[in-house]
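What follows is a set of notes on a single structure, which appears directly below.
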């Protein structure tokens, strides 16, 4: 099943960068998706009526197993703007916002797609 979502780019708190630079995260993304993630994530804010977290929780995706002191997460293969392959990463963090999507890719998506805060981005997500 493939779903298409649209969201607006926004600047986060750089937590995604810290997470994607962890060796065990980089290794698992490489093993499961075939690429090393560029440091950081592209943050998208979805319309308030989109509950992506609830939808994604119905599908397994690829699990990221944490080291001690971290939360697990899930990866869902994605295509960003029909031009870059990557993945939606969904941390299993209590209270994580349902209207936010974080995307990892082998390149800096802001640079590759010439994106700025407020730009709308379309993402196709493969749900397995």
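A short reminder: the numbers here are calculations on the coordinates, not readings from a lab. Note that the structure is predicted; figures quoted are calculated from it, not measured. Here the Cβ positions follow ideal geometry from the backbone for every residue, glycine too, while neighbour counts run over all protein chains shown.
For every helix of n ≥ 4 consecutive DSSP H residues, a contribution of -39,500 (n - 2.57) applies; sum these over the chain, divide by its total residues, and give [θ] at 222 nm rounded to the nearest 500 deg cm²/dmol. Working shown, then result.
Working: 4 runs with 26 residues, N = 128.
My calculation for the chain gives -5000 deg cm²/dmol from helical runs alone.
How big is the range 2-126 by Rg and Dmax over its Cα atoms, in Å?
When restricted to the Cα atoms of the range 2-126, Rg and Dmax are 13.2, 37 Å.
Quick check for you: which residues of the range 66-89 have the amide N under 11 Å from the point 7 Å beyond the Cα of residue 128 toward its beta carbon?
The answer is 75-78, whose backbone nitrogens lie closer than 11 Å to the label point.
Using a 7 Å offset from the Cα along the Cα-to-Cβ direction at both residue 60 and residue 3, what is the distance between the two label points in nm, to one decimal?
1.9
Name the residue, out of 74, 90, 116, whose mean-square fluctuation peaks in a Gaussian network model built on the chain with Cα pairs under 10 Å.
116
Taking springs between alpha-carbon atoms closer than 10 angstrom, which of 36, 60, 102 fluctuates most in the Gaussian network model of the chain?
60
When a footprinting reagent is the concern and you count Cβ atoms within 10 Å, what order do 114, 38 take, fewest first? The partial results should precede the final answer.
Details: 114 8, 38 19.
In order of increasing Cβ crowding within 10 Å: 114, 38.
Given the Cα-Cα distance of residue 71 and residue 120 and 0.36 nm per residue of separation, how much length would full extension add, in nm?
Details: separation 49, 0.36 × 49 = 17.64 nm, distance 2.90 nm.
Length gained between residue 71 and residue 120: 14.7 nm.
When the chain is modelled as a GNM with alpha-carbon springs shorter than 10 Å, which of 72, 105, 87 fluctuates the most?
Looking only at 72, 105, 87, the biggest GNM fluctuation is shown by 72.
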